Amino acid sequence: MTLQELVLQQEQKLTHEKISFGQGTTNATDEAVWLVLWKLGLPLDTDINSHTDILSSQQIQSVEKIIDERVFSRLPAAYLTQEAWLQGVSFYVDPRCIIPRSLIAEVLAEGAIDPWLVTEQPRVLDLCTGNGSLAILCALAWPQAEVTGIDLSVEALQVAAINCERHQLHDRIELIVSDGLDQAQGLYDVIVCNPPYVNQSSMQALPPEFKAEPELALAGGEDGMNFIRQLLTDVALYLSTEGVLILEIGNEHDHFQNAFPNAYPIWLSTSAGDQQVLLMTRDMLQTL
Ligand SMILES: C[S@@+](CC[C@H](N)C(=O)[O-])C[C@H]1O[C@@H](n2cnc3c(N)ncnc32)[C@H](O)[C@@H]1O
């Protein structure tokens, strides 16, 4: 059996077993390619079509084992490989933290926040940093930035620390345990925040893969706005005069508008649409 045939076989198994995606890949093909290449120790950008070697039965069995584990445990693939990728950057992950997939990473990569920066040495806060991915992407995007990551979960911050070490950014990123902004030492020029925002009925409908992630990272209360309500009350006090908040709200646009009818944010386009990530200046937040 060739690599291409093995990938196709495992893709069919994932499709047949109705596996859920959305935590690193969006479909059975990409998930099968990822797990097969990872298990065989091949680079993740291997062209499977030009790899014509016949695989050994040992290689095939090892792949079947990991795909079976994925199917029967319904754990996200990234928890099995202990690695996730965001904007081409690799992150260590385990069940202490959510798997990196924030849309804010796209906004950072596209430079959409850059025009709002008034200094080359911005003070940046990644509120709800979890695995540390956004704090790290901020530090990479703005080499002179002073970056802080905050999270309520000590366990998630342990993972963030591993990632800071992995990217040799432990000297530039400070990690703080804090309930929201309680321990924040403002003022910040940029606050990025991918908070828990999933509403209660969506939480109940989550597939097992997502239920394997920490509930603290996802659940935003009845309308998904519990954390965001407090944040929008407090955050202006932690922003510099020209400071901006970049906030992800996922699919909760209607709940956001109901909760904040006087908010007129700037929406930043992402691959998921135009109403998932917003930008608010300090002035906008003060007039809420
Ligand atoms: C959606 S995850 C985002 C993780 C990471 N920033 C990312 O984008 O992959 C939300 C994070 O918020 C943290 N969190 C939940 N409630 C919090 C609170 N009251 N204060 C600070 N962090 C909180 C969770 O522990 C979790 O790590």
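Each value in this text was obtained by applying a stated rule to the coordinates, not by laboratory testing. Being a predicted model, the structure only gives us computed values, none of them experimental. No Cβ is skipped: glycine too gets one built from the backbone with ideal geometry, and neighbour counts run over all protein chains shown.
Brief remarks on what is shown
- Label reach from S269 (point 7 Å along Cα→C-beta): in the range 103-146, amide nitrogens under 14 Å belong to 107, 110-112.
- Amide H partners (placed H, <5 Å) of G243, local residues excluded: R282
- Total lysine pairs under 18 Å (Cα atoms) in the chain, excluding pairs fewer than 8 apart on one chain: 5
- Sorted peptide list for 242-248, 213-219, criterion being average Cβ within 10 angstrom, highest first: 242-248, 213-219
- Environment charge at E83 (Cβ cut-off 11 Å; Lys +1, Arg +1, Asp -1, Glu -1): 0
- Extension gain, N49 to A205, is 52.4 nm, computed as 0.36 nm per intervening residue step minus the present C-alpha separation.
- Placing unit charges on the Cβ atoms only, positive for Lys and Arg and negative for Asp and Glu, gives the chain a dipole magnitude near 360 debye about its Cα centre.
- Between amide H atoms placed 1.01 Å from N, distances below 5 Å from I98 occur with N131, all of them 5 or more places distant or on a separate chain.
- The residues packed around G221, meaning those with a beta-carbon under 14 Å from its beta-carbon, carry a net charge of -3 if Lys and Arg are +1 and Asp and Glu are -1.
- Surrounding net charge for W116, when Lys and Arg each add one and Asp and Glu each subtract one, Cβ distance under 10 Å: -3
- Whole-Hz Karplus values for the range 4-10 come out as 4, 5, 5, 4, 4, 4, 6 Hz, taken residue by residue from phi with 6.51 cos²θ - 1.76 cosθ + 1.60 and θ = phi - 60°; glycine and proline positions read x.
- For the chain, built as a Gaussian network whose Cα springs stay under 10 Å, the top-fluctuating residue of G88, G111, G220: G88
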